[in-house]
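Comments concern the structure below.
The values are calculated or read from the model by the stated rules, or taken from the named source; none is laboratory data. All of these numbers come straight from a predicted model, not from anything done at the bench. Neighbour counts are summed over all protein chains in view; Cβ atoms, including those assigned to glycine, are modelled from backbone coordinates with ideal geometry. These area figures cover heavy atoms from the full protein model, side chains too; ligands, DNA and RNA do not enter into them. Shrake-Rupley method; radii C 1.70, N 1.55, O 1.52, S 1.80 Å.
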Amino acid sequence: MEGHITELLHFVHEKSASDLFLSEGKKAAFRLDGEIRKLDQTVEKEHFQQFLSKVLSAKQQGIFQEDGDLDFGYTTSQDLRFRINLARQQDGF
C-alpha cells in the first residue's frame with residue numbers, strides 16, 4: 001500500500017505537475033499548468049498509515065500525533081524528492 005502513494009508521486013513527477021492533493025476516502029488530484037485535475041485513484045486511510053509508517057521517523061510520528069500537522073521531505077528509491085505537508089482533518093488525513 002505504501003506503493004500506492006509512491007506511484008501517485010511518480011505519476012505527478014512524470015506529468016511535471018506542481019502539486020498532488022490526497023484526502024482520505026477521496027479521489028487524488030494534481031495541479032498541472034494551474035489547473036486541478038482529478039484522478040480515478042482513491043486514497044484510503046490504510047494507504048496513508050502504511051506510507052507514513054515507512055517514511056516517518058518515530059520523532060516525526062510523535063510530532064504529527066501531538067500537533068496534527070507535519071512538513072517533511074521524502075526521497076523515493078529513484079532519488080525523486082518531494083516536499084510533503086501532512087495535516088489531520090476532522091474526517092481523516
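Within the range 69-84, the set of residues being in a strand (DSSP E or B) and open to solvent by 100 Å² or more (accessible area, probe 1.4 Å) comprises ASP71, ARG81, ARG83.
What are the residues in the range 29-47 that are in contact with a helix residue (DSSP H, G or I) (Cβ under 8 Å, 6 or more places away or on another chain) and within 17 Å of ARG83 (Cβ to Cβ), if any? Once the filter is applied, which keeps residues that are in contact with a helix residue (DSSP H, G or I) (Cβ under 8 Å, 6 or more places away or on another chain) and within 17 Å of ARG83 (Cβ to Cβ), the range 29-47 yields only PHE30. Residue pairs whose Cβ atoms lie under 9 Å apart, sitting 6 or more positions apart in sequence or on different chains, and linking a residue in the range 79-91 that is of a type in the set (Asp, Glu) to a partner that is surrounded by 10 or more Cβ atoms within 10 Å (Cβ to Cβ), are ASP91/SER23; ASP91/GLU24; ASP91/GLY25.
Residue count for the range 5-20 satisfying the condition of being free of Cβ contacts under 8 Å to residues at least 24 places away in the same chain and open to solvent by less than 40 Å² (accessible area, probe 1.4 Å): 2. The set of residues from the range 21-48 being free of Cβ contacts under 8 Å to residues at least 24 places away in the same chain and either part of a helix (DSSP H, G or I) or open to solvent by less than 70 Å² (accessible area, probe 1.4 Å) (or both) comprises ALA28, ALA29, PHE30, LEU32, GLY34, THR42.
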